[in-house]
């Protein structure tokens, strides 16, 4: 994120602009507006970094679709148990075209390669988002019963 139209610490206004556009497309205006409004002098360099590099470079590369990038991001966040970021990126994955069934498949993969406890929490987080986004079943999410949100698979 840049302030006052400057190019940020990286000096590349194109990357910052591209990053902000992609960030808004993936995360939604409401989320980005909240992040921008909460930016302080202390956090501004970090906001600039993630806007230019995460969004202006990595999420803007042509090698993967946004849906594929969402799958990778969900996997990493679930494995690392980054629940707040995971919820945000479940919403982004839906915006990027993933179905609830595809989110389920990603989290089943996480269970095998990152562990059942990590996947269990991820299923609980994702179910909460799916419920918010589309009702109790989460826009047609499979009724896998994989997670009860109580720490048991």
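The values are calculated or read from the model by the stated rules, or taken from the named source; none is laboratory data. Note that the structure is a prediction, hence the values are computed from the model and not measured. All Cβ positions, glycine included, derive from the backbone under ideal geometry; neighbour counts span all protein chains shown.
Below, the figures for the structure above:
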| quantity | calculated |
| --- | --- |
| Yes/no for residue 118 being closer than 20 Å to residue 26 by Cβ, at pLDDT 95 or above, not in a loop (DSSP other than H, G, I, E, B) and not assigned by TED's automatic domain parsing to the domain that holds residue 26 | no |
| Qualifying residue in the stretch 68-75 (condition: at pLDDT below 95, at negative phi, assigned to a helix (DSSP H, G or I) and in contact with a helix residue (DSSP H, G or I) (Cβ under 9 Å, 6 or more places away or on another chain)) | no |
| Residue check for residue 19: farther than 20 Å from residue 104 by Cβ and modelled with pLDDT under 95 | no |
| Tally of residues being at negative phi and surrounded by fewer than 18 Cβ atoms within 10 Å (Cβ to Cβ) across the stretch 105-120 | 7 |
| From 35, 79, residue being surrounded by 15 or more Cβ atoms within 10 Å (Cβ to Cβ), over 16 Å from residue 129 (Cβ atoms) and assigned by TED's automatic domain parsing to the domain that holds residue 124 | 79 |
